[in-house]
Amino acid sequence: MHGITAAFEGRMGQDGELRFTASGTPLWETSVAVDQKPRQGQGQGQGEKAPAQWVRVVVWGERAEALAQEERLTKGTSVYIEGKLELRAWQDREGRERSTLQVAAFLVQSLGQIGRRASAGSTGQPVGAPAPRHPQPDADDGLPF
């Protein structure tokens, strides 16, 4: 894979939204708040939290449609994201050039609601990703490492 990849955990700031481009391509998007640890010496007093950084997350195609069906992905859900960092540029209504960084995710995994356990029956599989084809080896498979 070319480009810059990103992997992070955060909380969904809004319910995911499924839209379609003019050509009919499915697009699922949300924003994710990622907590930042204050750097030493940055003036953060004890008990103060650094402000969260917001990341726009988009998913395209069949995965987008699968994510739209997931009831676990709502505002406040803790998620793990992996994807490619990309710059999106457009022209606003006043004709000004605008741009934003976003993550085109290839993996979105629900980690559950804050303060609640993940929904019963949760497989722990990434949302919108196919189940693994081969079973995972047991931790006690006799291998010395």
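A few comments on the model shown:
- Number of the condition not met by Gly112 [criteria: (1) surrounded by 14 or more Cβ atoms within 10 Å (Cβ to Cβ); (2) at pLDDT 90 or above]: (2)
- Enumeration of residues in segment 45-89 that are among the basic types (Lys, Arg), without any contact (Cβ under 8 Å) to a residue 40 or more places away in the chain and assigned to a loop (DSSP other than H, G, I, E, B): Lys49
- Condition check for Glu82 on (1) surrounded by fewer than 17 Cβ atoms within 10 Å (Cβ to Cβ); (2) closer than 11 Å to Val32 by Cα: one failure, at (2).
- When Leu107, Leu27 are screened for being in contact with a helix residue (DSSP H, G or I) (Cβ under 6 Å, 6 or more places away or on another chain), surrounded by 12 or more Cβ atoms within 10 Å (Cβ to Cβ) and at pLDDT 90 or above, only Leu27 passes.
- Screening Arg39, Arg63, Arg11 for residues that are surrounded by fewer than 16 Cβ atoms within 10 Å (Cβ to Cβ) and either modelled with pLDDT of 95 or more or basic (Lys, Arg) (or both) leaves exactly one candidate, Arg39.
The values are calculated or read from the model by the stated rules, or taken from the named source; none is laboratory data. Here the structure is a predicted model, which means the values were calculated and not measured. Because the Cβ atoms are built from the backbone with ideal geometry, glycine has one as well, and the counts that use them run over all protein chains shown.
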